[in-house]
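Please read the structure below before turning to the comments.
The values are calculated or read from the model by the stated rules, or taken from the named source; none is laboratory data. If you're wondering where the values come from, they're calculated on a predicted model, not measured in any experiment. Here the Cβ is made from the backbone with ideal geometry for all residues, glycine too, and neighbour counts use every protein chain on show. Heads up: the accessible areas ignore ligands, DNA and RNA and are worked out on the full protein's heavy atoms, side chains in. Shrake-Rupley method; radii C 1.70, N 1.55, O 1.52, S 1.80 Å.
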Amino acid sequence: MTRFSFIAYGDTRSSGEPNVPGDGDILQPEHSRLVNRMIAKTRELASTPFPVRFVLQSGDAVLRGQIAAMWNVSFSPIIEKLTKGANRPYFFSVGNHDVTA
């Protein structure tokens with residue numbers, strides 16, 4: 001029997017509040033901190049019976065998914081820390097904000 005852990009989370013989009021930098025303007029700050037903690041936890045559990053094998057996000061990554069800058073500026077660089085930097089498989093399930101206005 002193979003034992004493992006995985007990390008699941010969701011809804012990293014910005015609030016959309018007026019006059020507050022959000023998706024497309026800046027790197028998502030809380031999401032970035034969360035991913036840093038995920039990477040640390042992955043390293044911590046690597047030599048235990050339950051290593052983290054993958055990360056799953058349940059959607060609503062950005063406020064308006066049809067706007068490429070929201071992905072390119074605010075979201076993708078963070079995920080690359082997981083996939084390229086920490087070599088962790090990442091699975092994404094789209095949410096309503098990712099595919100609609």
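Residues in segment 65-84 that are in contact with a helix residue (DSSP H, G or I) (Cβ under 9 Å, 6 or more places away or on another chain) and either open to solvent by 60 Å² or more (accessible area, probe 1.4 Å) or of a type in the set (D, E, K, R) (or both): 66, 81. Within segment 27-53, the set of residues being without any contact (Cβ under 8 Å) to a residue 24 or more places away in the chain and surrounded by fewer than 12 Cβ atoms within 10 Å (Cβ to Cβ) comprises 30, 33, 37, 40, 44, 46, 47, 48. If you filter segment 54-64 down to residues that are open to solvent by 60 Å² or more (accessible area, probe 1.4 Å) and out of contact with any strand residue (DSSP E or B) (no Cβ under 6 Å at 6 or more places or on another chain), you find that the one that is nearest to residue 34 (Cα to Cα) is 58.
Being open to solvent by 60 Å² or more (accessible area, probe 1.4 Å), touching a Lys or Arg at 6+ places or on another chain (Cβ under 9 Å) and part of a loop (DSSP other than H, G, I, E, B) holds for only one residue in 3, 88, 13, and it is 13. Only a single criterion out of (1) outside any helix (DSSP H, G or I); (2) surrounded by fewer than 17 Cβ atoms within 10 Å (Cβ to Cβ) is not satisfied by residue 22, namely (2).
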